1. In segment 36-90, which residues are touching a helix residue (DSSP H, G or I) at 6+ places or on another chain (Cβ under 7 Å), in contact (Cβ under 8 Å) with a residue 60 or more places away in the chain and within 15 Å of residue 105 (Cα to Cα)?
2. In segment 30-59, which residue that is over 15 Å from the mean Cα position of the chain (by Cα) and modelled with pLDDT under 85 is farthest from residue 112 (Cα to Cα)?
3. Going residue by residue through segment 3-24, is there one that turns out to be farther than 30 Å from residue 180 by Cα, out of contact with any helix residue (DSSP H, G or I) (no Cβ under 6 Å at 6 or more places or on another chain), at pLDDT below 90 and surrounded by fewer than 13 Cβ atoms within 10 Å (Cβ to Cβ)?
4. Just to be sure, is residue 83 surrounded by 14 or more Cβ atoms within 10 Å (Cβ to Cβ) and at pLDDT 85 or above?
5. How many residues, within segment 43-64, are surrounded by 13 or more Cβ atoms within 10 Å (Cβ to Cβ) and touching a strand residue (DSSP E or B) at 6+ places or on another chain (Cβ under 8 Å)?
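The values are calculated or read from the model by the stated rules, or taken from the named source; none is laboratory data. Keep in mind that this is a model prediction, so the values were computed, not measured. All Cβ positions, even for glycine, are placed from backbone atoms using ideal geometry, and neighbour counts span all protein chains on display.
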């Protein structure tokens, strides 16, 4: 039984780490097109994103055709960030409504078809906190900083465990585990006899 608890706790810990994600990517956007990236975020989580257009001609100003319109919205259509004709920007907000949040990048239509390369980084949960600033502001030594990170991670895992329990995932996983254990014990009993 103790082994099974350890297994379930290990799975929940891994899920907790996976649920607090940081996504960083680079993608191409054709002139006159849009690309959207979606992230499923829990309520009361912090989310931070930053984006920048990669300059195709290093050392020269960015062409006007390489400006973007960026919009971040919730599942319910609430707008959390909107910027027009920008080459870089960032957003940060505390999530009120749990669900899918969408960051959409729009490129204006131009006579000459331009391909815009965009770098985008999106962090949620524990990964969204800027721990270096926490250390600088409070002149906290390295051990205290690590303890704060660990505390935030444990709190996030704790919240994830309650979420899984409410969603019924843990119950289903335990039932499968008990069935497998029962089958194993039955086969072992037959083998011994």
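1. Answer for segment 36-90, where residues must be touching a helix residue (DSSP H, G or I) at 6+ places or on another chain (Cβ under 7 Å), in contact (Cβ under 8 Å) with a residue 60 or more places away in the chain and within 15 Å of residue 105 (Cα to Cα): just 53.
2. Restricting to residues being over 15 Å from the mean Cα position of the chain (by Cα) and modelled with pLDDT under 85, the top hit is 59.
3. Of segment 3-24, the ones farther than 30 Å from residue 180 by Cα are 20-24.
Narrowing the set further to residues that are out of contact with any helix residue (DSSP H, G or I) (no Cβ under 6 Å at 6 or more places or on another chain) leaves 21, 23-24.
Add one more test, that the residue is at pLDDT below 90, and what stays is 21, 23-24.
This time we only want the ones that are surrounded by fewer than 13 Cβ atoms within 10 Å (Cβ to Cβ), so: 24.
Yes, there is a match, as at least one residue in segment 3-24 is farther than 30 Å from residue 180 by Cα, out of contact with any helix residue (DSSP H, G or I) (no Cβ under 6 Å at 6 or more places or on another chain), at pLDDT below 90 and surrounded by fewer than 13 Cβ atoms within 10 Å (Cβ to Cβ).
4. On the way: surrounded by 14 or more Cβ atoms within 10 Å (Cβ to Cβ): yes; at pLDDT 85 or above: yes.
Yes; evaluated as a whole, the condition is true for this residue.
5. The first filter runs over segment 43-64 and keeps only residues surrounded by 13 or more Cβ atoms within 10 Å (Cβ to Cβ), leaving 45-56, 62-63.
Narrowing the set further to residues that are touching a strand residue (DSSP E or B) at 6+ places or on another chain (Cβ under 8 Å) leaves 45-54, 56, 62.
So the count comes out to 12.
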